[in-house]
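What follows is a single structure, written as structure tokens, with notes after it.
Readers should treat all values here as calculations from the given coordinates under stated rules, not as data from a laboratory. In this text the structure is predicted, and so the values were computed from the model without any measurement. Cβ sites come from the backbone with ideal geometry, for glycine too, and all protein chains shown count toward neighbours.
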Amino acid sequence: MIKSYEDIKREYEYIRQGDYLRYEDKKNEIYGKNPKLKELDLSIIKLYTKIGMARIENKPIDELEKQLENIQLERNTYLKEHNIIDDYKELKYVCDKCKDTGYVDGHKCSCFVQKEIELFDNISHFKNYIKDDNFDNLDMSFYNQSGLEYNGTTYKQLMETLIKKFKSEVEGMSKSPFSLLLIGPTGTGKTFLARCMGAEALKKNKSVLYVNVNEYLNSLKPDYEGEPLKYYAVACDLFILDDLGTERITDYTNTEINYIIDKRLNDKKSTIITTNLMPDQIESNYLSSTYSRLVNAYDNEYLYGDDLRRLKNVNI
Ligand SMILES: [Zn+2]
């Protein structure tokens, strides 16, 4: 099971070993049945070496080249007569795009991204959550609170607009990454919506790391036995940090929270943070740079449920 980037690296090593063993097997099988072909291939290699040496020593090569041509002709005839496809001397890759290296022109190959998605899922078990929490399972009646209205718009209508926006943000995240702060009291569906967006991102082959803030911070403790999640939180395409504000706040946790928020903004990577803290509470609990980024660089969206009083106090 892929549980770290080291595992992905090892898996590519195994794949490449497999490529080589398959190539050796195939070649040996063909040579076993066709010793003449092996002899011809060896002669060709020897002639190439001789021609190379002759070039270095400035000796005539015409005769050697003639011999090479004749053997190549003989080989071609042999291959044709014995119905052998002339590719047994080439390595065959599982992924032709990256030749089983995981990278094409310095960028991750699609096969690497698939392994990365598997890795992040093995870390956060996100796929378990999105069996139920996805936009296909969205029940709009959840938002149809009785009498809830703001400037003639029902809460359900507000949510419809928001959800449309969320979907299009995920749709466009490759070109324009988004940073979203979902604010609201418990029970308003913040986590559900964040997971739905994560599910959409997965459909688009994006790697998603979904963690609760406590789980994240615990993983950074020196005595934590599993993998610290910091590196994965930096590397994933979409990072979802759930329930900011439920952790026991210390200077250390604040520094870590500030780091990951700052890092992902600088790296231009998409992030969703859910919290039940209002901006003034964020300001009093976190570093001023965290507050400033969450309020200014993040898109703040409020989910109120049936708390109409608060809905009316905030300009949505
Ligand atoms: Zn590939």
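Just to check, using Stokes-Einstein with a Kirkwood Rh over alpha carbon pairs, what's the diffusion coefficient of the chain at 37 °C and 0.692 mPa s in µm²/s? Numbers along the way, then the final one.
Numbers: Rh = 24.1 Å.
After rounding, the answer is 136 µm²/s.
Within the range 221-246, name every residue whose backbone N is under 11 Å away from a label modeled 7 Å from Cα of N214 along the Cβ vector.
Counting backbone N atoms under 11 Å from the label point, the list is 246.
If each of K50 and K230 carries a label point 7 Å out from its Cα toward its Cβ, how far apart are those two points in nm?
Label at K50, label at K230, 6.4 nm between them.
List the residues of the range 127-142 whose backbone N lies under 15 Å from a point placed 7 Å from the Cα of K203 along the Cα-to-Cβ direction.
Within reach of a label on K203, which here means backbone N under 15 Å from a point 7 Å along Cα→Cβ, the range 127-142 contributes 130-139.
Work out, step by step, the length gained on full extension between D136 and M278: first 0.36 nm times the residue separation, then minus their alpha carbon distance; give nm to one decimal.
Working: separation 142, 0.36 × 142 = 51.12 nm, distance 2.95 nm.
Roughly 48.2 nm would be gained on extension.
If each of E171 and K36 carries a label point 7 Å out from its Cα toward its Cβ, how far apart are those two points in nm?
6.4 nm
By how many nm would the segment from S289 to V94 lengthen if fully extended, with 0.36 nm per residue of separation less the alpha-carbon distance?
Working: separation 195, 0.36 × 195 = 70.20 nm, distance 4.69 nm.
65.5 nm is the gain from fully extending S289 to V94.
So how tilted is helix 190-203 from the main axis of the chain? Cα-based, degrees 0 to 90, rounded to 10.
20 degrees
Kirkwood-based Rg over Rh for the range 5-100 (C-alpha set), two decimals? Working shown, then result.
Values: Rg = 17.8 Å, Rh = 15.8 Å.
With Rg and the Kirkwood Rh in hand, the quotient comes to 1.12.
Just subtract the alpha-carbon distance of Y103 and N70 from 0.36 nm times their residue separation and send over the number in nm, one decimal.
Numbers: separation 33, 0.36 × 33 = 11.88 nm, distance 4.04 nm.
In short, 7.8 nm is gained.
Each label point is 7 Å from the Cα along the Cα-to-Cβ direction; what then is the distance between the points at Y78 and E29, in nm?
2.0 nm
From the phi angles alone, apply the Karplus equation (6.51, -1.76, 1.60; θ = phi - 60°) to the range 24-41 and give each ³J(HN,Hα) in whole Hz, x where the residue is Gly or Pro.
Couplings: 4, 4, 5, 5, 4, 5, 5, 5, x, 7, 9, x, 4, 5, 4, 4, 5, 4 Hz.
For every helix of n ≥ 4 consecutive DSSP H residues, a contribution of -39,500 (n - 2.57) applies; sum these over the chain, divide by its total residues, and give [θ] at 222 nm rounded to the nearest 500 deg cm²/dmol. All intermediate terms of the calculation are to be shown ahead of the outcome.
On the way: 13 runs with 168 residues, N = 316.
Taking each H run of at least 4 residues, the total per residue is -17000 deg cm²/dmol.
Report, in cubic angstrom per residue, the convex hull volume of the C-alpha atoms of the range 125-313. Let's see the in-between values first.
Values: hull volume 22.5 nm³, N = 189.
Considering the Cα atoms of the range 125-313, their hull volume per residue is 119 Å³.
If you fit an axis through the alpha-carbon atoms of helix 155-171 and take the longest principal axis of the Cα set of the chain, what angle between them do you get, 0 to 90°, nearest 10?
The angle comes out at about 20 degrees.
Please work out the C-alpha center-to-center distance from the range 18-81 to the range 84-99 and express it in whole Å.
For the range 18-81 versus the range 84-99, the Cα centre distance is 19 Å.
What angle do you read, to the nearest 10 degrees and between 0 and 90, between the alpha-carbon axis of helix 251-266 and the longest principal axis of the chain?
The angle comes out near 60 degrees.
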